[in-house]
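Quick note: the coordinates plus some simple rules give every number you see, no bench work behind them. Values in this document were obtained by computation on a predicted structure and should not be read as measured data. Cβ coordinates were reconstructed from backbone atoms using ideal geometry, including for glycine residues, and neighbour counts include every protein chain displayed.
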Amino acid sequence: MSTEPIIHQCECKTCKIGLDTEIIKSHQRINLFLSRLNEPQRRWYVATLAEETDAPSDRQLALITGLDEKTIRRGKVEMQDQLVAAPVGRQRQEGAGRWRAEKKTRR
């Protein structure tokens, strides 16, 4: 069973009006790429976009990508810190996430 990734539809004014096809295509490519990344990778990629010359604001990037502005800021901090706190080979920090559901059996 394969699951199709969900591709965010840009909510910026330019894409809603549909006048600038180059910008629309650019936003579609960004969202297609983001749909294939895991959570931290999305954060880091958008943080990288935010640091480029003439980059959109965090608010604008949030509309384009569907990420929260706080998530984009967190990605910026992580990138500025050279991803020191990011665990290698893991998506989340050790011990993060849900607790394991242990199956109890009677004998």
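Residues in segment 25-49 that are of a type in the set (Lys, Arg) and assigned to a helix (DSSP H, G or I): 25, 29, 42, 43. What number of residues within segment 1-24 are surrounded by 11 or more Cβ atoms within 10 Å (Cβ to Cβ) and either assigned to a helix (DSSP H, G or I) or β-branched (Val, Ile, Thr) (or both)? Residues flagged as surrounded by 11 or more Cβ atoms within 10 Å (Cβ to Cβ) and either assigned to a helix (DSSP H, G or I) or β-branched (Val, Ile, Thr) (or both) within segment 1-24 amount to 6.
When the residues of segment 50-60 are filtered to those that are acidic (Asp, Glu) and assigned to a loop (DSSP other than H, G, I, E, B), the one that is surrounded by the fewest Cβ atoms within 10 Å (Cβ to Cβ) is 54. For segment 61-87, the set of residues classified as closer than 14 Å to residue 11 by Cα, of a type in the set (A, V, I, L, M, F, W, C) and not in a helix (DSSP H, G or I) consists of 67 only.
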